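Below is one structure, written out as C-alpha cells, with a few remarks after it.
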Amino acid sequence: MADPSSYRPKPGQIPDSPGVYRFRDEHRRVIYVGKAKSLRQRLASYFQDLANLHPRTRTMVTTAASVEWTVVSTEVEALQLEYSWIKEYDPRFNVKYRDDKSYPYLAVTMNEQFPRVQVMRGQKKKGVRYFGPYGHAWAIRDTVDLLLRVFPVRTCSAGVFRNAERTGRPCLLGYIGKCSAPCVGRVTPEEHRELAEEFSDFMTGRTGTYIRRLERRMTDAAEDMEYERAGRLRDDIGALKKAMEKSAVVLADATDADLIALAEDELEAAVQIFHVRGGRVRGQRGWVTDKVEAVTTGDLVEHALQQLYGEETGDSVPKEVLVPALPDLVEPVQEWLTERRGSNVSLRIPQRGDKKALMETVERNALHSLALHKTKRASDLTTRSRALEEIAEALDLDSAPLRVECYDISHLQGDDVVASMVVFEDGLARKSEYRRFQIKGFEGQDDVRSMHEVITRRFRRYLGEKEKTGEWADGEVSLTEEDGRPKRFAYPPQLVVVDGGKPQVAAAQRALDELGIDDIAVCGLAKRLEEVWLPGDDDPVVLPRTSEGLYLLQRVRDEAHRFAITYQRTKRARRFRASPLDDVPGLGETRKQALIKHFGSVKKLRSATIDQICEVPGIGRKTAESIAVAFAQAAPAAPAVNTATGEIMEDEDHVEDAAPETTAGVAEEPVSAGASDERRGQER
C-alpha cells in the first residue's frame, strides 16, 4: 500500500487547465482515468487527509504509485480522450458498464452488392444498418418473416447465395415469394438495393406513408377489377400492421429518443435504455456496474452516455436523450453528442407528459434489473470468494490468489506445437490478457521442455518490462512511457497453474528459479484424477470433488486447453491452406483474390502464361514473372480425396472456397460432440 504523499506532484507543477489524468500502480498499470475542467483543483482533491476521502477513492490512491496528466484545449476534447483511454487501458477503478446479456440486432448489410437481412451480435461493422437491440433473436426473426412478404430482401448466407448462382436455382424462399431471388437474376442489383432501402425506411419508423401508399395501390387495383392483385396488397398491408403491433406506440409519431434510467445503491448501479424510433420502442438494453469510485448519479449518466454513443455516429445518436440527472458539465457532453450526430442533440430531464410516464417505466425496469442482478451476484461473489480461499488454504498461500495464470501445451502428434496463457482475476476470466506462444526452442513433442520454455519466456518478459519501467532503479520513477500503454507481461500473477502433473510442475518451477523469481506460487492440475501437484512434493494434494476451489482450477485449466487447441487448429489450418502465392514478394491479399477470381482456381492459375497473368488488373510483368517462378518451384499439390468414397477430386475450387481464417481467442472452435476418440487422443 503506497502513501499518496510519496508521488504527490510538487506545488505549481500541475497546470490550471482542462485535461485528462491517469493513476498507475507499482507495475505501471493504469488503474484510473479521469478528466477535469481544472487539473490542479481536481488532482489536489486526491492528495488530502485519507480520512476525508471516500473509501473507494482512498483504496484507489493508496493502490496507485504515480499520477500523470495530459493537457487539452477544451472540455469536449477531455471527454473524448477520457473515453479513448478507458477503452484502451480498461482501468480497474473506473466505472465499467457490463452488458447483462449479448443483445441481438436486426442488421441490413448495405455494404454488399446484394444487401442481406440478418441477426447480428457484437461489434458493429461499417456500412451495415442496425435496428434494435432486441430482447430475443426470435423476436427479430418473427418481424423479418412478416416483412419479407412485402420486402423480399435476401436473407441467405454467402455460401447459399453462391450455390444458387452456380446452379441457377433459387432457395425455398425464392420459390415461395419471400425473396426476390437476385441470385438467379429475377431482379437487378439496383432493384434489390431499392427493396433493402424500403425495408430500412420501414424499420426506422416511416410506416404511415408506406402503408397509405399500399392502400392507394390496393384501391386502384380493385377499381381496375384486378382483384387478385388487390388481395395480395391487402395481405401485405395486414402483414405490415401486424409487424407494427409488435412495438406499441408510446410517444407522438416521428419522435426519436433514447430514455436512460438508473437504479443504484452504495455498491452497484443498473442502467436501462429504451430506444424509441418513430414513436415506438424499437429496442431495449441494460447494463450493470460496480461503483468502484465515488460517483454521483450525474457521473453515472455521463459514463453511460460515453458507453452508449462512443462508437456511434449519424442517426445512431437520436435527436433527444432523456436522462434522470444531468452531468455536472452538461454543455461539453451535449456538444460531444451533437458532434457525433452531426446535428443538434437535446439532453434533458423529462418533466411531464408521456415522456415522463415512459421514463418511470424505464426506471421500474432498472430497479428490477438491479434486484435480479443482486440475487445472482450474492451467490456468485460468495462462491468465488470461497473458491479462492480454498485454493489458498490447500496450497498454503499467504493470501487468496486474486490473479491466476494457467498454461497449456497443444500439438497434433508433435506438429504445430503451441502454448496458451489464460488469466483469471477475482475468479473471472480476463480475456484481454490472454496470450499465445509458438514453441521455438526445439522441434518435436516434449511437453515438459515446452512448458519450461513458455514459463521462461513469459517471466523473462516480466522481468524485462519491470526493469524497463524503472521499478528497480533508484530515485523517482518516470511518469511516462514511450508508447503510453501498459506492457503486456508487466503484471505478475500470485499463482501459476500448469496443465499437467509432477513433470510439468517441476519444469515450471525450475524456470522461475532460474530467473530468480521466488514470490509466485506454482501448481499443476493433472487430468486423469484431477490431482493438484506442488513443486517438490512426492504426493499430490487431493481436493474434495465438491470443492469450489477444485471447480475453479478445473475451469481455469479447461479454458487454457480450449484457447491452446483453438490456436493450434488455426495454425494447422493455415499451414494446410498455404499457397505458392504466399511466397511472392509484394503480393497482398487483394491481388491474390483478384488472381483467383480472374482464373477461377489455383489449378488454372498454375497453368497460365506470364502474358495471361499480366491481364489481371494490378499485376505487372515483374510480379507475373515472380508468380510463375513461385509455381514452378512449388511441388504439385496432392489431389483432394473424398474420405467417404475414396474418389480423387480433380477440381481445386474447394481450396479457394475455404472459410477465412479466424483469430484464436476471438472465434471459438469447440470440439464436436461427434468427434472420434482417436482424434481426441492424438490432438492435445
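The values are calculated or read from the model by the stated rules, or taken from the named source; none is laboratory data. Please read these numbers as outputs of a predicted model, since none were measured by experiment. All Cβ positions, even for glycine, are placed from backbone atoms using ideal geometry, and neighbour counts span all protein chains on display. Heads up: the accessible areas ignore ligands, DNA and RNA and are worked out on the full protein's heavy atoms, side chains in. Shrake-Rupley method; radii C 1.70, N 1.55, O 1.52, S 1.80 Å.
Could you list all residues from the stretch 301-315 that are surrounded by 16 or more Cβ atoms within 10 Å (Cβ to Cβ) and either of a type outside the set (D, E, K, R) or within 21 Å of the chain's Cα centre (by Cα) (or both)? Passing the criteria: Val301, His303, Ala304, Leu305, Gln306, Gln307, Leu308, Tyr309. Every condition in (1) in contact (Cβ under 8 Å) with a residue 60 or more places away in the chain; (2) open to solvent by less than 40 Å² (accessible area, probe 1.4 Å) holds for Val330 except the one numbered (1). Val61: closer than 24 Å to Ala261 by Cβ and outside any strand (DSSP E or B), yes or no? Here the answer is no, as Val61 does not meet what is asked. In the stretch 11-24, the residue that is modelled with the highest pLDDT out of those that are closer than 11 Å to Arg40 by Cα and either out of contact with any Leu (no Cβ under 8 Å at 6 or more places or on another chain) or among the small types (Gly, Ala, Ser) (or both) is Gly19. Candidates in the stretch 10-23 are the residues that are open to solvent by less than 50 Å² (accessible area, probe 1.4 Å), without any contact (Cβ under 8 Å) to a residue 60 or more places away in the chain and over 18 Å from Glu302 (Cα atoms); of these, the one that is nearest to the chain's Cα centre (by Cα) is Ser17.
Residues in the stretch 366-384 that are under 13 Å from Asp426 (Cα atoms) and more than 27 Å from the chain's Cα centre (by Cα): Thr382 alone. Residues considered: Arg229, Arg193. Of these, the only one that is at pLDDT 85 or above, open to solvent by 60 Å² or more (accessible area, probe 1.4 Å), assigned to a helix (DSSP H, G or I) and basic (Lys, Arg) is Arg193.
For every residue, the table says whether it meets (1) within 30 Å of Arg24 (Cα to Cα); (2) part of a helix (DSSP H, G or I).
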residue: Trp85; (1), (2): yes, yes
residue: Asn94; (1), (2): yes, no
residue: Gln113; (1), (2): no, no
residue: Trp138; (1), (2): no, yes
residue: Thr143; (1), (2): no, yes
residue: Leu146; (1), (2): no, yes
residue: Gly159; (1), (2): no, yes
residue: Glu165; (1), (2): no, yes
residue: Pro170; (1), (2): no, no
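The conditions of being modelled with pLDDT under 90, surrounded by 14 or more Cβ atoms within 10 Å (Cβ to Cβ) and over 33 Å from the mean Cα position of the chain (by Cα) are met by Thr207.
Report the residue count in the stretch 279-309 for those that are in contact with a Lys or Arg (Cβ under 7 Å, 6 or more places away or on another chain) and farther than 30 Å from Leu53 by Cα. Count: 1.
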